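Here is the structure we will look at.
Here, each number is a calculation from the coordinates, and none is a lab measurement. On a predicted model such as this, the values are computed, not experimentally measured, just so you know. Cβ: placed from backbone, ideal geometry, glycine included. Neighbour counts: every protein chain shown.
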Amino acid sequence: MENRTEYALAHRAQEQFLEELRAVNETSARYGLQLSEAGMREIARARVQALSEHGRVELGPSAVRAIADGFCDSPFLLQEDYEATLLELVDAFYYFKNACAEKLTDEELILAMRKRYDAFDGSVEAVVGTTMETLCRAVRLGVVEEEESDDDESEDDDDEHDDG
């Protein structure tokens, strides 16, 4: 009986999340972006996996809607890449949310991710491959660094100054 109740609760949560994603389509349609039903189910599975892998629990509305809303008007986000990009951004969001130890709000983190995405012409790799420090700097200073090597050089400079 207990398993049946757990299943029913999990199924209801899944259905609520799919309704959130259907609402995302209403917003993203203005930018020529639509999630398919299969894509929505894949994003739902990926969200559950990302939450589990990163040891997170979401109470209330999912951050996925905020991520989709935060990126859907990017000139670099195209329909043919929309679902795959959203999948990667969702996983990156939960990873960075853990890495920042809740020092950034969801909105701040999504904004920093979006700035990096746009600064690198829609490169998900630029978002996923960045450091938490770079994203925090983008939030605090509004600066998006052009090259990863700049981070490495500044870290080397810091190490040299620490010796003295």
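Across the range 104-118, rounded Karplus estimates of 3J(HN,Hα) from the backbone phi angles (6.51 cos²θ - 1.76 cosθ + 1.60, θ = phi - 60°) give 10, 6, 4, 5, 5, 5, 4, 4, 5, 5, 5, 4, 5, 4, 6 Hz, Gly and Pro being marked x. Using θ = phi - 60° in the Karplus curve 6.51 cos²θ - 1.76 cosθ + 1.60, the 3J(HN,Hα) couplings for the range 131-137 round to 9, 4, 4, 5, 5, 5, 4 Hz; x is entered for Gly and Pro.
If only the Cβ of Lys and Arg carry +1 and only the Cβ of Asp and Glu carry -1, the dipole of the range 39-119 around its Cα centre is close to 240 debye.
Scalar couplings 3J(HN,Hα) for the range 80-87, obtained by applying the Karplus form with A = 6.51, B = -1.76, C = 1.60 to θ = phi - 60°, are 5, 10, 4, 5, 5, 5, 4, 4 Hz; x denotes Gly and Pro.
Counted by Cβ distance under 13 Å from residue 51, the other residues give a net charge of +1, where Lys and Arg count +1 and Asp and Glu count -1.
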